[in-house]
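What follows is one structure encoded as structure tokens, with my remarks underneath.
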């Protein structure tokens, strides 16, 4: 069965890794984009924050989605964007902690109106964040910004330690 405490620990660890990458965004590139109309690093971080808070933390309580923007009007400048990410994560955790076993086993509506078992819908949230964290890594790579390895060693370090044959 779904263990809420274990899940909350897991998403907090996912967020720690995302936060480490987001902290690498140079202040002068927070709103940089590789083409007009594409997400900026700031958009991605705000999007991660608002989807957790205004999609998942609302819909798991069977309330309507409240995500209307991920724009600069929410937080502008690297430090404010990171503080926004942190604040909305804390708000979201409070909403998730309020879920009862009955609510987790019940149904909730996704933004498109599909009724899903709440704990199954909740499991999709970290996958969404991880997807956008990958985009942050790519954008920072395009900018030549050094980023932390995800779990410790880089691929090159793992390869150098591999025993072949």
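The values are calculated or read from the model by the stated rules, or taken from the named source; none is laboratory data. Just so it is clear, the structure is predicted and the values come from calculations on it, not from any experiment. Reconstructed Cβ throughout: ideal geometry from the backbone, glycine too, with neighbour counts over all protein chains shown.
Quick one: residue 2 ticks every box in (1) over 13 Å from the mean Cα position of the chain (by Cα); (2) modelled with pLDDT of 95 or more; (3) farther than 23 Å from residue 149 by Cα; (4) surrounded by fewer than 20 Cβ atoms within 10 Å (Cβ to Cβ) bar one, so which box is it?
It fails just one condition, (2).
Restricting attention to the stretch 16-32, which residues are surrounded by fewer than 21 Cβ atoms within 10 Å (Cβ to Cβ) and without any contact (Cβ under 8 Å) to a residue 60 or more places away in the chain?
Answer for the stretch 16-32, where residues must be surrounded by fewer than 21 Cβ atoms within 10 Å (Cβ to Cβ) and without any contact (Cβ under 8 Å) to a residue 60 or more places away in the chain: 16, 23, 27, 28, 31.
Considering only residues that are over 21 Å from the mean Cα position of the chain (by Cα) and in a loop (DSSP other than H, G, I, E, B), which ones fall in the stretch 144-162?
Within the stretch 144-162, 144, 153, 154, 162 meet the criteria.
Among what's in the stretch 75-103 and is assigned to a loop (DSSP other than H, G, I, E, B) and surrounded by 16 or more Cβ atoms within 10 Å (Cβ to Cβ), pick the residue that is farthest from the chain's Cα centre (by Cα).
Applying the filter and picking the extreme gives 99.
Does the stretch 8-16 contain at least one residue that is over 12 Å from the mean Cα position of the chain (by Cα), under 23 Å from residue 111 (Cα atoms) and part of a loop (DSSP other than H, G, I, E, B)?
Taking every residue of the stretch 8-16 in turn, none turns out to be over 12 Å from the mean Cα position of the chain (by Cα), under 23 Å from residue 111 (Cα atoms) and part of a loop (DSSP other than H, G, I, E, B).
State the number of residues belonging to the stretch 125-150 that are in contact (Cβ under 8 Å) with a residue 40 or more places away in the chain and either exposed (fewer than 11 other Cβ atoms within 10 Å of the Cβ) or more than 15 Å from residue 23 (Cα to Cα) (or both).
Adding up the residues that qualify gives 7.
Need the failing condition index for residue 56 against (1) touching a helix residue (DSSP H, G or I) at 6+ places or on another chain (Cβ under 7 Å); (2) outside any helix (DSSP H, G or I); (3) within 23 Å of residue 109 (Cα to Cα), just the number.
(2)
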